[in-house]
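For reference, the structure is listed below as structure tokens.
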Amino acid sequence: MPPEQQTPQPQPEAAAHRSETEPRWTERLHGLGPVIGLVLLCIAGTLLNGDFATVDNAMNVLTRTAFIGIIAVGMCFVIISGGIDLSVGSMAALIAGSVIMFINWAGPASGSPLLAVVMGAVLAVVLGAVFGLAHGLLITKGRIEPFIVTLGTLGIFRAYLTYFADGGALTLDNELSDLYAPVYYASLAGIPVPVWVFVIVAIVGGLILNRTAYGRYVQAIGSNEQVARYAAVDVDRVKILTYVLLGVCVGIATLLYVPRLGSASPTTGLLWELEAIAAVIVGGTALKGGAGSITGTVVGAVLLSVISNILNLTSIISVYLNAAVQGFVIIIVAFLQRGRR
Amino acid sequence: MTTFTRRLAFTAVAAAAFASLPALAAEKVNLGVSIPAATHSFMGGINYWANQAKKDLEKEHKDLKITIKTAANAPEQANQLQDLSTVTKINALVVFPFESAALTKPVAQVKAKGAYVTVVDRGLTDTSAQDAYVAGDNTAFGKIPAEYIVKQLNGKGNVVALRGIATTLDNERMDAFNAVLKNSPDIKLLDAKYANWNRDDAFKVTQDYLTRFKSIDAIWAADDDMAVGVLKAIEQAKRDDIKIIFGGAGAKGMVKTIMDGKDKRITADVSYSPKFIYDAIKLTAEARLKGEKLPATTIIPSVLITKENAKDFYHPNSPF
């Protein structure tokens, strides 16, 4: 008897262990399609132009991915919960414009340019959170479809930026711009600041999604909202928080974006929403919600900017066809990912 | 092609119209202005100058009423043209079409109701739908920078170019640029890629140019907005081989840089001012008040802006 008793004991433990590791394992499987696509692309890029595989180029690509990547991490939560946000590009533009106007005003007014820049950066995140909160409230308490709410704010945000900019561009004053520039241009240990921020946001996002009760609720709501409600999940609160989280991500992306050009114009952030959504979906998250991964999203975002980088580094294809190449690659990667499921 | 053939066609059309209609006696002019919304700096300039024209001209002539409509896309512009014609009952129209083909029919309908039509910047596909055409000079827009770059580099060097959005207007500029370079075999155009008249895209494309080409003598940014992105990318890559950065259109920041001699890489620009909408409105309104017609085609010349004449192109109040 004792030997029999001993053997069943580890079994439930192993089962419990397996059920805990299982989502992570399937997740890795989901992430494999985009990874394969990315690896193939990088090989192609290196063959086409040796400069592709240099550290400088890799850093350029990762740095410019940072904006879309950070937004995509937030977008991942919203999409997994079954929502969507079409306004992120316009939101980024409006936040960028507001921050620039604020810093230009606060610099001379507060007498401390550094304080003005720091407060501007904080303002970016706060504005993002406030806009996200507004989305969340309209969608949950106002019971309007997220597609409609964010389609509305897409127009509203950009129109206000255009109005503030008088149709032209809002530009950071020179001295303040120099002070702010390191946030985009400086490097820590050879890696540019935006890439660090991107990595940190992705890790934190991954932890929230996979290791917290909140992350589970988000996935539960996305796969079946009714059941989640019956299971006493505060659906409205969780949903509102996903939009706030996305808003914060947009704020962070914007505070990194502003020092790049030191200006915001009505074309700032144009079509970022599509790029961010594409990064999430290419990365293996289902558009209908329920499941998804941050790793996949990060790979998806990098993949998208690698395509245009390779196209810029070569001239074998007519420039008129650039968009078509991007389309083909996205569809092929989506296909690879489907095959791996 | 074809300014010439176009001009010929217009003259014929205008002559025919002139013969069939007796010149209208001075009457109240109800002028409609239909322009794209301010979605980028250049259109911001168009909007600014259109409103400026309304302010100046309505003050000057009390028989003149100007209604400005801005549209976000071609279908919206078509609807607004209908409204201008049936609700506002305009008898003269200045239109900056979103795109040539899609707006031809709607403009023709306005004209069929008796309004005098001046088309600005982008020609219609059927020129009988317009009475007059006022435009900037896209050929000079490409030719002047090419000539300047060839001269500054003494006929030898590597050039990269940025392009706007794939349109006939962009093609005309690029073709003119290429035509000049063809005569200087030692000037090599390494590549020309689209950056959509957008600062961020210009930044990325330039970064990749700098990765790809180890020696670049001149960059034709082809737009002052794009030049902003180009400058930032060069600054980041810490490259000092680039001797000339040539923008285009004469945005106020760029003109100021030239005027003050702030950057030795930026010593010239080519004018393509959104102010031509002001000229078009003024010419149309004043001609119609007198019951006259405009020449079938008016080309607002694009000229080289250098330190000497920069102050004539500096409009600090305009958003562009």
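Worth a mention:
- Between helix A:235-261 and chain A: long-axis angle, C-alpha atoms, 0 to 90°, nearest 10: 40
- Between A:Lys141 and B:Asp260, the FRET efficiency from the beta-carbon distance, with R0 = 45 Å, is close to 0.25.
- Ranked for footprinting exposure by Cβ neighbours inside 10 Å, fewest first, A:Cys42, A:Cys249 give A:Cys42, A:Cys249.
- GNM top mover of A:Ser318, A:Ser263, A:Ser110 - chain A, alpha-carbon springs below 10 Å: A:Ser318
- Highest mobility in the GNM of chain A, judged by mean-square fluctuation with C-alpha springs under 10 Å and restricted to A:Gly50, A:Gly128, A:Gly206, is found for A:Gly50.
- Shielding by partners - mean other protein chain Cβ count within 10 Å, residues of B:36-47: 5
- Within the listed set B:Leu190, B:Leu103, B:Leu289, the residue fluctuating most in the Gaussian network model of chain B (springs between alpha-carbon atoms under 10 angstrom) is B:Leu190.
- Charged-residue dipole, Cβ positions (Lys, Arg, Asp, Glu), chain B about Cα centre, Debye nearest 20: 160
- Descending by average beta-carbon neighbour count within 10 Å, the peptides A:294-307, B:52-65, A:52-65 line up as A:294-307, A:52-65, B:52-65, the highest first.
- For the residues of A:152-162, the average number of beta carbons from a partner chain within 10 Å of their own beta carbon is 1.
- Bridge type composition, the protein assembly as shown - antiparallel percent by DSSP, nearest 5: 15
- When both bridge partners sit in chain B, DSSP labels roughly 5% of those beta bridges antiparallel.
- Note on A:177-189: average number of Cβ atoms from other chains within 10 Å of each residue's Cβ is 1.
- Simple label model, 7 Å out from Cα along Cβ direction - B:Asp240 to A:Met59, nm: 1.9
- Against the main long axis of the alpha-carbon atoms of chain A, helix A:10-48 sits at an angle near 40°.
- Note on B:Thr125/A:Leu115: beta-carbon distance plugged into 1/(1 + (r/R0)^6) with R0 of 41 Å gives a FRET efficiency of 0.10.
- Pairs of Cα atoms nearer than 8 Å and 6+ residues apart set the relative contact order; for chain A it is 35 percent.
- When each of B:Ile244, B:Ile299 is scored by the number of other beta-carbon atoms lying within 10 Å, the sequence from fewest to most is B:Ile299, B:Ile244.
- Dipole magnitude for the protein assembly as shown: about 600 debye, using +1 per Lys or Arg Cβ and -1 per Asp or Glu Cβ, origin at the Cα centre.
- Charge-dipole axis of chain A as Lys and Arg at +1 and Asp and Glu at -1 on Cβ define it, positive-most pick from A:Ile316, A:Leu154, A:Ile79: A:Ile79
- Per-residue Cβ neighbour counts within 10 Å put B:Ser41, B:Ser128, A:Ser81 in the sequence B:Ser128, A:Ser81, B:Ser41, beginning with the fewest.
- Computed label-point distance, nm, for sites A:Ala213 and A:Ala286 using a 7 Å Cα→Cβ extension: 2.5
- Modelled spin-label separation between A:Tyr185 and B:Val87, with each label point placed 7 Å from Cα along the Cα-to-Cβ direction: 5.0 nm.
- Centre separation in Å (Cα based) which lies between region B:257-277 and region B:236-251: 12
Just so you know, all these numbers are worked out from the coordinates, no wet-lab data involved. Since this is a predicted model, take the numbers as computed values, not measurements. Note that each Cβ is placed from the backbone with ideal geometry, even for glycine, and that neighbours are counted across all protein chains shown.
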